[in-house]
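> Before I ask anything, here is the structure I am working with.
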Amino acid sequence: TSFMAKGPKPAPSCEKPNGGKKAQAGCFCPEGEMLEDGKCVSLENCQCEYAGQLYGAGDKFEKGAECKTCKCVGGGVEECEDKACTVECGDDEIEVSNEGDCCPTCQANWVEAVNPNPA
């Protein structure tokens, strides 16, 4: 990094490779590079970030809250698709959708869960 009296604010990052339109003094990565995880990297070496985690090119990760399965393809770019749910319940189970879960689950003893025995 090198000091600049008038560098971009915010500084260039993998999310915003050109930085901001305002100016600030400080240490900046060389032209064409941005700071990621404490190191200067070129755009093609940017990792993908989700929920504070960094993922390198080729890494797969789940976006649980969004029901997506994603792959970091490099350059900070991710490709996502809807999470595929494969649920096969047994004869004595039923498929149950829980709020906040992407995929339904199987539940046994469902008669008791729906009609609890009175005390």
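The values are calculated or read from the model by the stated rules, or taken from the named source; none is laboratory data. Please read these numbers as outputs of a predicted model, since none were measured by experiment. Every residue, glycine as well, gets a Cβ built from its backbone with ideal geometry; the counts of neighbours run over all protein chains shown. All accessible areas refer to the heavy atoms of the entire protein, side chains included, with ligands and DNA or RNA removed. Shrake-Rupley method; radii C 1.70, N 1.55, O 1.52, S 1.80 Å.
> Given the chain, report the % of alpha carbon pairs whose separation exceeds 18 Å.
Value for the chain: 65 percent of Cα pairs lie more than 18 Å apart.
> Just going by the charge dipole of the chain, with Lys and Arg at +1 and Asp and Glu at -1 on Cβ, which of Leu43, Gly75, Asn18 is farthest out on the positive end?
Asn18
> Mind checking the dipole of the chain: about its Cα centre, +1 per Lys or Arg Cβ, -1 per Asp or Glu Cβ, Debye to the nearest 20?
The calculation lands at about 1280 debye.
> For region 46-91, what % of the accessible area comes from carbon and sulfur atoms, probe 1.4 Å?
41 percent
> Could I ask something else about it? Okay, which of region 31-60 sit inside 14 Å, backbone N to the point 7 Å along the Cα-Cβ direction of Lys16?
Residues 35 fall inside that zone.
> Roughly how many Å² is the accessible area per residue of the chain, as a whole number, for a 1.4 Å probe?
73 Å²
> Moving to a separate point now. If you average the sequence gap of Cα pairs under 8 Å that are 6 or more apart and divide by the length of the chain, what percent do you get for the contact order?
14 percent
> At what distance in nm do the modelled label points of Thr105 and Tyr55 sit from each other, each positioned 7 Å from its Cα along Cα→Cβ?
Result for the modelled spin labels: 2.3 nm.
> Go ahead and estimate [θ] at 222 nm for the chain from helices alone: -39,500 (n - 2.57) per DSSP H run with n ≥ 4, summed, over the residue count, rounded to 500.
Calculated at 222 nm, the ellipticity per residue is -1000 deg cm²/dmol.
> Counting pairs on different chains as well as pairs 8 or more places apart, how many Lys pairs in the chain have Cα atoms under 24 Å apart?
The result is 23.
> Also, quick follow-up: Can you list residues from other chains, or at least 5 along the same chain, whose modelled amide H is less than 5 Å from the amide H of Glu36?
It is Val41, by chain and number.
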